[in-house]
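Asker: First, the structure itself, so that you have it in front of you.
The values are calculated or read from the model by the stated rules, or taken from the named source; none is laboratory data. Computed from a prediction, not measured in an experiment: that's the story for all the values here. In this analysis, Cβ positions are derived from the backbone assuming ideal geometry, glycine residues included, and neighbour counts consider all displayed protein chains. Remember, those area values only see protein heavy atoms, side chains included, never the ligands or the DNA or RNA. Shrake-Rupley method; radii C 1.70, N 1.55, O 1.52, S 1.80 Å.
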Amino acid sequence: MKKVLSAFAAVIMAAAVCAGCSSVKPNEVFSVADLTGKTIGVQLGTTGDIYAEDEVEDAKIERYKSGADAVQALKQGKVDAVIIDNEPAKVFVSKNSDLKILDEEFITEEYAIAIKKGNTELTDAINTALAELKADGTMDTIAANWIGDEKGSHPYVSPEGIEYPNGTLIMATNAQFPPYELVENGEVVGFDVDMMRAVCDKLGYQLEIENMDFDSIITAVSSGKAHVGAAGMTVTEDRLKNIDFSDSYTTATQVIIVRAK
């Protein structure tokens, strides 16, 4: 009898534990229209944050310090979907078989380099360098090294004999946004890093990278802590109140990540 009672008690305890658990509900977002009234995860201060707030009716926005944190919240059922840029989305989904990206794109955008407001000399110099890098094919090669089937096949290498008479240019970024910026072997690397290194090679600057929270980048640039911000950043009217931007260096899309089931 004692053994029976012990077994019965164990069952009761297990049931109590399960009663405290919450199962993740099935996916209910199959299109952009389905976002209405849902809870959406975003990275704080990104265009995903801005567009979710402005474009989705009756949505509850949950803001996280990184895209990875938003994705984890989705896996745990804390949010119904995550709005984020396409390339980071592909990286996250490739590592999580229980997630998928909707076929329908949310919005298209252009990435540009943030520069202190009124610094027309640096803005003009960077725009000239970007134009040259696009014309000579360097920008396409950098993109191919980080995005697509040739990934890893075309690492950017500074030209031989290059000198840096203009000193150091500090780039503020948030290295949690692969493949544009991420940490590998303790070093910040990615599309934006190679792009800025190529720009600096053109302009005679040694590139230095400051890794920080995404929502601190504009403040760092406007205060002079950093010369530029490069972090998959889109030009918006609100950001233009505090910062200037270079010409666009690549096109991206915002997409929606949901649970696969």
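Asker: Any chance the stretch 223-245 includes a residue that's aromatic (F, W, Y) and in contact with a Ser or Thr (Cβ under 7 Å, 6 or more places away or on another chain)? Before you say what the answer is, go through the steps one by one.
Answerer: Initially, the stretch 223-245 is screened for residues aromatic (F, W, Y), giving 245.
Subsequent filtering for residues that are in contact with a Ser or Thr (Cβ under 7 Å, 6 or more places away or on another chain) retains none.
No, the stretch 223-245 has no match at all.
Asker: Output the qualifying pairs, or none if there are none: Cβ atoms under 7 angstrom, residues six or more apart or on different chains, first residue in the stretch 46-74 and closer than 19 Å to Y111 by Cβ and hydroxyl-bearing (S, T, Y), second residue in a loop (DSSP other than H, G, I, E, B) and modelled with pLDDT under 95.
Answerer: Going by the 7 Å Cβ cut-off, the qualifying pairs are T47/T236; Y51/F106; S66/Q176.
Asker: Let me ask something else. Do we have A252 as in contact with a strand residue (DSSP E or B) (Cβ under 7 Å, 6 or more places away or on another chain) and part of a loop (DSSP other than H, G, I, E, B) here?
Answerer: no
Asker: Suppose we filter I40, I50 for residues that are modelled with pLDDT under 95 and surrounded by 15 or more Cβ atoms within 10 Å (Cβ to Cβ); which single one remains? Step through it out loud before you land on a result.
Answerer: Working: I40 fails: modelled with pLDDT under 95.
From the options I40, I50, the qualifying one is I50.
Asker: Which is free of Cβ contacts under 8 Å to residues at least 40 places away in the same chain and in contact with a helix residue (DSSP H, G or I) (Cβ under 7 Å, 6 or more places away or on another chain), of P178, P155, P165, P159?
Answerer: Numbers: P178 fails: free of Cβ contacts under 8 Å to residues at least 40 places away in the same chain; P165 fails: in contact with a helix residue (DSSP H, G or I) (Cβ under 7 Å, 6 or more places away or on another chain); P159 fails: free of Cβ contacts under 8 Å to residues at least 40 places away in the same chain.
Of the residues listed, the single one that is free of Cβ contacts under 8 Å to residues at least 40 places away in the same chain and in contact with a helix residue (DSSP H, G or I) (Cβ under 7 Å, 6 or more places away or on another chain) is P155.
Asker: Residues of the stretch 231-249 being farther than 28 Å from L102 by Cα and assigned to a loop (DSSP other than H, G, I, E, B), which ones?
Answerer: Hits for the stretch 231-249 are K241, N242, S246, D247.
Asker: To continue, here is another question. For the stretch 97-119, enumerate the residues that are β-branched (V, I, T) and either within 16 Å of the chain's Cα centre (by Cα) or open to solvent by 90 Å² or more (accessible area, probe 1.4 Å) (or both). Steps first, please.
Answerer: Start the filter on the stretch 97-119 by keeping residues that are β-branched (V, I, T), which leaves 101, 107-108, 113, 115.
Of everything in the stretch 97-119, those that are β-branched (V, I, T) and either within 16 Å of the chain's Cα centre (by Cα) or open to solvent by 90 Å² or more (accessible area, probe 1.4 Å) (or both) turn out to be I101, I107, T108, I113.
Asker: Any residue in the stretch 73-89 that is open to solvent by 60 Å² or more (accessible area, probe 1.4 Å) and closer than 26 Å to I217 by Cα?
Answerer: Taking the stretch 73-89 as the starting set, the residues that turn out to be open to solvent by 60 Å² or more (accessible area, probe 1.4 Å) are 76, 78.
Adding the requirement that they be closer than 26 Å to I217 by Cα leaves none.
Checked the stretch 73-89: no residue is open to solvent by 60 Å² or more (accessible area, probe 1.4 Å) and closer than 26 Å to I217 by Cα.
Asker: Scan the stretch 22-33 and tell me whether some residue there is among the small types (G, A, S), at pLDDT below 95 and either over 25 Å from Y111 (Cα atoms) or open to solvent by 90 Å² or more (accessible area, probe 1.4 Å) (or both). Before you say what the answer is, go through the steps one by one.
Answerer: Within the stretch 22-33, the first condition is being among the small types (G, A, S), and the residues that meet it are 22-23, 31, 33.
Filter once more, so that each one left must be at pLDDT below 95: 22-23.
Narrowing further to those that are either over 25 Å from Y111 (Cα atoms) or open to solvent by 90 Å² or more (accessible area, probe 1.4 Å) (or both): 22-23.
The answer is yes; a qualifying residue exists.
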